[in-house]
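**Student:** One structure, pasted below without further comment.
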Number of protein chains: 2
Amino acid sequence: MENKIDQKHKQKMQLLKSKVDASIAAATIKKGVGILLTGDGKGKSSSALGMALRSLGYGYKVGIVQFIKGAQPSGEAKFFSEIVSNATFYQMGTGFTWETQDRSKDVKAAEASWEVAAKMLSDDAYHLVILDELTYMISFGYLDEERVIKALTQRPKKQSVVVTGRGGGKALKDWADTVSEVRDIKHAFNSGIMALEGVDF
Amino acid sequence: MENKIDQKHKQKMQLLKSKVDASIAAATIKKGVGILLTGDGKGKSSSALGMALRSLGYGYKVGIVQFIKGAQPSGEAKFFSEIVSNATFYQMGTGFTWETQDRSKDVKAAEASWEVAAKMLSDDAYHLVILDELTYMISFGYLDEERVIKALTQRPKKQSVVVTGRGGGKALKDWADTVSEVRDIKHAFNSGIMALEGVDF
């Protein structure tokens, strides 16, 4: 009986393998990818950081600009200041707009952060560039969308870029090779559970 | 004119702040969280790895069991063998079912991997435990769902656990405090772009 299940499994898997192999063979373009991680669920920034971890594993140089973030301590800030050296980590540092309550100051900080990002996007030493929460800078009107898309499009051919944040707009979605929408099915915070070190920040 | 925009912005942000502060004040439970990252889009395993990076930043111990994965080299495998020491990283190592084509061997490998996971889930030295691709072990019938849920539920109170993989079933969704569904809006692979070191693996 068990043997029959095993045999059936083998046949099914042989068929599946031929399909998978064909689709792998069809993917022949080798270039850096543009990834947009959007949606209202947990896991966009952490997903970008996970790709950073993978790149660091291979010894690749990683550049990270976190828009908004930086007013509060975080695991990633500690990681990039204390544990690895093969990365450039920059935080806008203002905190959320409802904390600063100062639009002009936020715009200036966004501009300064963009300067750092734009440098990374023109430097082929960076295998992976992460622009965390960038979508808000566009939707708030803090950064000019056209300028952002231009820099993303004209980046080095082998460089991959991950943009995170809710929304993102049509131009960013058109630019991206991969778009994932992280949907919030359920969130611990809504059940009264506090945000956690090493998980949420 | 600019000044008026700034003033309006400030008023809006003050109102928003009071709302945000109230919701933060309402979250009073401090405990480890269970997170399920499901759906067909890119970013589930990388999101789990990003949380690992955050935990490592704080100096917390991390345990990772990757079901299925390990037959191919990966950035995370290199990262955890060469760069950090404060983590236990274990891979089932069989590769995809369509590669092994051997159900009995896969089941044995799943059992051996679960032993490693179960130990982590009963050891409060681990701040964060990642069970990557675990959902398939349940949907394939390689691991008993009830046994898995029991171990997840009885883990140390301060320990957080991230489970990844498509599907997941009702029991896992009920167990989790946070569930995110990563939807595939667009994937580079489907445009013929190869999977990339430091991004996809």
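The values are calculated or read from the model by the stated rules, or taken from the named source; none is laboratory data. Predicted model, so just to flag it, every value in this text is computed and none were measured. Cβ: placed from backbone, ideal geometry, glycine included. Neighbour counts: every protein chain shown.
**Student:** Filter region B:91-129 down to the residues that are modelled with pLDDT under 95 and of a type in the set (Phe, Trp, Tyr), then identify the one that is surrounded by the fewest Cβ atoms within 10 Å (Cβ to Cβ).
**Tutor:** Of everything passing the filter in region B:91-129, B:Trp98 is surrounded by the fewest Cβ atoms within 10 Å (Cβ to Cβ).
**Student:** With B:Ser23, B:Ser18 as the choices, which residue is free of Cβ contacts under 8 Å to residues at least 24 places away in the same chain, over 27 Å from A:Ser180 (Cβ atoms) and outside the structural domain of B:Asp174 (by TED's automatic domain parsing)?
**Tutor:** Values: B:Ser23 fails: over 27 Å from A:Ser180 (Cβ atoms).
Testing whether each residue is free of Cβ contacts under 8 Å to residues at least 24 places away in the same chain, over 27 Å from A:Ser180 (Cβ atoms) and outside the structural domain of B:Asp174 (by TED's automatic domain parsing) leaves just B:Ser18.
**Student:** Name the one entry in B:Ala22, B:Ala48 that is part of a helix (DSSP H, G or I) and more than 7 Å from every other protein chain (Cβ to nearest Cβ). So that I can check it myself, show each step before the final result.
**Tutor:** Numbers: B:Ala48 fails: more than 7 Å from every other protein chain (Cβ to nearest Cβ).
B:Ala22 is the lone residue from the list that is part of a helix (DSSP H, G or I) and more than 7 Å from every other protein chain (Cβ to nearest Cβ).
**Student:** Moving on to the next point. Being crowded, with 24+ Cβ neighbours inside 10 Å and either more than 8 Å from every other protein chain (Cβ to nearest Cβ) or not aromatic (Phe, Trp, Tyr) (or both) is true for just one of B:Val84, B:Val62. Which residue is that? Outline the logic, then answer.
**Tutor:** On the way: B:Val84 fails: crowded, with 24+ Cβ neighbours inside 10 Å.
Answer to the selection: B:Val62.
**Student:** Sticking with this one: Among the residues of region B:147-201, count how many are surrounded by 20 or more Cβ atoms within 10 Å (Cβ to Cβ), of a type in the set (Asp, Glu) and touching a helix residue (DSSP H, G or I) at 6+ places or on another chain (Cβ under 9 Å).
**Tutor:** Result for region B:147-201: 2.
**Student:** Would you confirm whether or not region B:73-84 contains a residue that is outside any helix (DSSP H, G or I) and within 15 Å of the chain's Cα centre (by Cα)?
**Tutor:** First, the residues of region B:73-84 that are outside any helix (DSSP H, G or I): B:73-74, B:83-84.
With the extra rule that they be within 15 Å of the chain's Cα centre (by Cα), the set shrinks to none.
No - not one qualifying residue is present in region B:73-84.
**Student:** Within region A:90-134, work out how many residues are touching a Lys or Arg at 6+ places or on another chain (Cβ under 8 Å), among the small types (Gly, Ala, Ser) and assigned to a helix (DSSP H, G or I).
**Tutor:** Matching residues across region A:90-134 total 0.
**Student:** If I go through region B:138-182 residue by residue, how many of them are within 13 Å of chain A (Cβ to nearest Cβ), among the basic types (Lys, Arg) and closer than 26 Å to B:Lys61 by Cβ?
**Tutor:** 2
**Student:** Among the residues that make up region B:130-137, is at least one of them surrounded by 16 or more Cβ atoms within 10 Å (Cβ to Cβ), more than 23 Å from B:Gly95 (Cβ to Cβ) and either more than 13 Å from every other protein chain (Cβ to nearest Cβ) or over 17 Å from the mean Cα position of the chain (by Cα) (or both)?
**Tutor:** Start the filter on region B:130-137 by keeping residues that are surrounded by 16 or more Cβ atoms within 10 Å (Cβ to Cβ), which leaves B:130-137.
Okay, now just the ones that are also more than 23 Å from B:Gly95 (Cβ to Cβ), so none.
No.
A quick yes/no check of all residues on (1) surrounded by 17 or more Cβ atoms within 10 Å (Cβ to Cβ); (2) at pLDDT below 95; (3) among the polar types (S, T, N, Q):
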residue: A:Ala26; (1), (2), (3): no, yes, no
residue: A:Ile29; (1), (2), (3): no, yes, no
residue: A:Met51; (1), (2), (3): yes, no, no
residue: A:Ser55; (1), (2), (3): yes, no, yes
residue: A:Gln66; (1), (2), (3): yes, no, yes
residue: A:Lys78; (1), (2), (3): yes, no, no
residue: A:Phe89; (1), (2), (3): yes, no, no
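**Student:** While we're here: Find the residue count for region B:51-67, including only residues that are more than 19 Å from A:Ser55 (Cβ to Cβ), part of a strand (DSSP E or B) and touching a Ser or Thr at 6+ places or on another chain (Cβ under 7 Å).
**Tutor:** In the first step, residues of region B:51-67 are kept if they are more than 19 Å from A:Ser55 (Cβ to Cβ); the result is B:58-61, B:63, B:65, B:67.
Cutting the leftovers down to part of a strand (DSSP E or B) gives us B:61, B:63, B:65.
Filter again for touching a Ser or Thr at 6+ places or on another chain (Cβ under 7 Å), leaving B:63, B:65.
Matching residues across region B:51-67 total 2.
**Student:** Hey, can you tell me all the residues within region A:185-201 that are within 16 Å of B:Val182 (Cα to Cα) and touching a Lys or Arg at 6+ places or on another chain (Cβ under 7 Å)?
**Tutor:** Initially, region A:185-201 is screened for residues within 16 Å of B:Val182 (Cα to Cα), giving A:185-187.
Hit for region A:185-201 is A:His187, nothing else.
**Student:** Is at least one residue of region A:37-49 among the polar types (S, T, N, Q) and over 21 Å from A:Asp177 (Cα atoms)?
**Tutor:** There is no residue in region A:37-49 that is among the polar types (S, T, N, Q) and over 21 Å from A:Asp177 (Cα atoms).
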